[in-house]
1. Provide the packing ranking of 68-76, 25-33, 106-114, 121-129, i.e. peptides ordered by the mean count of other C-beta atoms within 10 Å per residue, highest first.
2. Using Cα atoms only, what is the angle between the long axis of helix 86-96 and the major principal axis of the chain, expressed in degrees (0 to 90) to the nearest 10?
3. Any idea how far the Cα center of the range 56-72 sits from the one of the range 104-150, in Å?
4. Of the labelled options (i) 11, 42, 37, 9, 0; (ii) 10, 30, 24, 17, 12, 6, 1; (iii) 12, 42, 33, 11, 2, which one gives P(r) over Cα pairs in 10 Å bins from 0, in percent as computed for this structure?
5. Mean-square fluctuation check for the chain, GNM, Cα pairs under 10 Å: which of Asp152, Asp119, Asp87 is largest?
Amino acid sequence: MRIIAIAIVGANGVIGDGERQPFEIAEDWARFKKVTHGHPLIMGRRTHDAIGRWLPGRTTIVVTRTPESVELPRSGSATGHAVASLDAALELASSLDDDVVYVAGGGSIYEQAWPKVTDLDLTEVHSEAEGSVSLPPIGADEWVEVSREPHDGFDFVSYRRR
């Protein structure tokens, strides 16, 4: 199973301030929707709360210390689960899709998942971001860039673990 971390990241590695991401780029949201559609999506409670809704067309798995406090979706267009650990989220995700699972943050979830992540799907913004939450470092000894799609002010970039 491929475990893909997906994020929008500033030139300084910042992905947010603990409440929200620093950039709102329409092309990024459209691409996020397209590539994650039909696949399990793992995120932390704060990231889920920042999005503000269950995302249709994919199964969202929220990792939280209090899974019983998460109100699960009631509509048929979105599916969601809440679990107490990243390992439980990955186990559930693999039972739903044995090919691909996306990890969508936040910082703690990326950090926990990093040793297991096989691929990165990033929107790399050309400007620095304000915030205290960063993506783990992408070292050339560990990651190889496999594609880059330039845009005005940002690039869509894919990496694969060496």
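1. In decreasing order of mean packing, 68-76, 25-33, 106-114, 121-129 become 106-114, 121-129, 25-33, 68-76.
2. Tilt relative to the chain: about 80 degrees.
3. Going from one Cα centre to the other spans 23 Å.
4. The value computed from this structure is option (i).
5. Asp152
Quick note: the coordinates plus some simple rules give every number you see, no bench work behind them. Computed from a predicted model, the values in this text were never measured in an experiment. Note: ideal-geometry Cβ built from the backbone for every residue, glycine included; neighbour counts use all protein chains shown.
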